[in-house]
Amino acid sequence: MTILITGAAGFIGSNLADELLKQGNKVVVVDNFNDYYDVKIKEENVAHNLHNPNYKLYRLDICDKQSLRHVFEENEISAVVHLAARAGVRPSIEKPESYVETNVLGSVVLMELMKDFNVKKLVFASSSSVYGNCKESLFSEDLKVTEPISPYAAAKSAAEQFVYTYHKLYGLSAVCLRFFTVYGPRQRPDLAIRKFVEKIENNQPIQMYGNGGTMRDYTYVDDIVTGVISAIHYDKTPYEIINIGGGEPITLKRMIETIEDVLAKRAKIEVLPMQMGDVEKTICDWSKANSLLGYNPSTTFKEGIEKFVAWKNAQAKKFAA
């Protein structure tokens, strides 16, 4: 297969590209290498694949329809995994227009070209943030998602609606995967686990928003990649929304304690008020993913933190050499 991955210089996309290449696929990568975080990190994520004949990189913005058209003209694409997006809940409150442009308009531009070139298979990366401050004990796909509390969440929800529209109008076969808080090697530097590990290692205080009781269903990146690849091959129904989570909701307090245990070092904690846009909990019901995709997350939270710290230490040695 030849698989187009948008946003493939990022955290999830680069891990996915590596695994697809290992499985013998051709991978076409689109990324605009924006400066939301240090571009050198994204360059490092793709560097090891640049000389692989089965890997082709295009540096462009998905909102640039003419440039993106060339990607479809130059490659016989079998399926698209759409990961490209403006990331971050809190920054979306400051610059909502850019989130609508990239996460909604960019998705429509991509699907227009899929329609034009008769590419029928799409896996779209949505987010658990679409559930808002859900009060249910489990977040299942049949819950209404009409109360997003950040522009990021609203844009992801809107993009899901457009995916469904293109499915109905043009026969697009689509799986929308709602990711629950992904972590692991190559994690973005602005995300909590990476920030906390680095600050604890450097004896710097970490910021704990609220009383530590907020809860996230953390999902190790290898489990996410497994779920995405299963969704690429899924063909039993033409359209689905499916949760992909870790199956082990973790409080903020426990997350900090786990990092402390793995590092064998205590954190200096600065307690701050809850921030706008942050949800109180995410608890993934992944039974549908198990039923349809055979998905079964295999990495416990502590194992994932241990693997992340080992990767980070290996990176430090690599760049010190």
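Okay, here's what the table says:
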{"read-out": "Pairs with Cβ under 9 Å, 6+ apart, first in region 18-40 and of a type in the set (Ser, Thr, Tyr), second exposed (fewer than 15 other Cβ atoms within 10 Å of the Cβ)", "value": "TYR36/ASP190; TYR37/PRO189; TYR37/ASP190"}
{"read-out": "Unique residue being under 16 Å from SER128 (Cα atoms), under 20 Å from the mean Cα position of the chain (by Cα) and part of a strand (DSSP E or B) when the list is ILE242, ILE224", "value": "ILE242"}
{"read-out": "Of residues in region 269-293 being in a loop (DSSP other than H, G, I, E, B) and of a type in the set (A, V, I, L, M), the one farthest from the chain's Cα centre (by Cα)", "value": "MET274"}
{"read-out": "Filtered residue count, region 9-56, keeping only those that are modelled with pLDDT under 95 and within 21 Å of HIS233 (Cβ to Cβ)", "value": "0"}
{"read-out": "Residue list for region 68-91, restricted to those being part of a helix (DSSP H, G or I) and either buried (at least 18 other Cβ atoms within 10 Å of the Cβ) or aliphatic (A, V, I, L, M) (or both)", "value": "LEU68, VAL71, PHE72, VAL89, PRO91"}
{"read-out": "Count of region 136-160 residues which are under 21 Å from GLY227 (Cα atoms) and either loosely packed, with under 14 Cβ neighbours inside 10 Å or over 22 Å from the mean Cα position of the chain (by Cα) (or both)", "value": "1"}
{"read-out": "Residue tally, condition crowded, with 21+ Cβ neighbours inside 10 Å and either in contact with a Cys (Cβ under 6 Å, 6 or more places away or on another chain) or assigned to a helix (DSSP H, G or I) (or both), over region 114-127", "value": "3"}
{"read-out": "LYS253 buried (at least 16 other Cβ atoms within 10 Å of the Cβ), modelled with pLDDT under 95, within 30 Å of SER150 (Cβ to Cβ) and of a type in the set (Lys, Arg)", "value": "yes"}
{"read-out": "Of all residues making up region 187-225, the number that are closer than 24 Å to VAL39 by Cβ and small (Gly, Ala, Ser)", "value": "1"}
{"read-out": "Residue within region 262-270 that is among the small types (Gly, Ala, Ser) and out of contact with any helix residue (DSSP H, G or I) (no Cβ under 8 Å at 6 or more places or on another chain) present", "value": "yes"}
{"read-out": "Residue pairs meeting the criteria (Cβ under 9 Å; at least 6 apart or on separate chains; first under 17 Å from VAL175 (Cβ atoms), in region 129-150; second of a type in the set (Gly, Ala, Ser) and surrounded by 13 or more Cβ atoms within 10 Å (Cβ to Cβ))", "value": "VAL130/ALA153; VAL130/ALA154; VAL130/SER157; SER140/SER287; VAL145/GLY132; VAL145/ALA153; VAL145/SER157"}
{"read-out": "Scan of region 251-283 for residues that are closer than 14 Å to LYS199 by Cα, touching a Lys or Arg at 6+ places or on another chain (Cβ under 9 Å) and basic (Lys, Arg), ordered by number", "value": "LYS268"}
{"read-out": "Any hit, region 29-42, residues being among the hydroxyl-bearing types (Ser, Thr, Tyr), out of contact with any helix residue (DSSP H, G or I) (no Cβ under 7 Å at 6 or more places or on another chain) and under 28 Å from TYR152 (Cβ atoms)", "value": "yes"}
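One line per residue, one yes/no per condition, for (1) within 23 Å of PRO297 (Cβ to Cβ); (2) surrounded by 19 or more Cβ atoms within 10 Å (Cβ to Cβ); (3) at pLDDT 95 or above:
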residue	(1), (2), (3)
ILE206	no, no, no
GLY212	no, no, no
VAL221	yes, yes, yes
GLY227	yes, yes, yes
HIS233	yes, no, yes
PRO238	no, no, yes
ILE241	yes, yes, yes
ILE244	yes, yes, yes
GLY247	yes, yes, no
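Rundown of residues vs (1) part of a helix (DSSP H, G or I); (2) over 21 Å from ARG266 (Cα atoms), yes/no style:
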| residue | (1), (2) |
| --- | --- |
| LYS144 | no, yes |
| ALA153 | yes, yes |
| LYS156 | yes, yes |
| TYR166 | yes, yes |
| VAL175 | no, yes |
| PRO189 | no, no |
| GLY213 | no, no |
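The values are calculated or read from the model by the stated rules, or taken from the named source; none is laboratory data. Note that the coordinates shown come from a computational prediction; the quantities given were computed from them, not determined experimentally. Please note: Cβ atoms are built from the backbone with ideal geometry, for glycine as well, and neighbour counts cover all protein chains shown.
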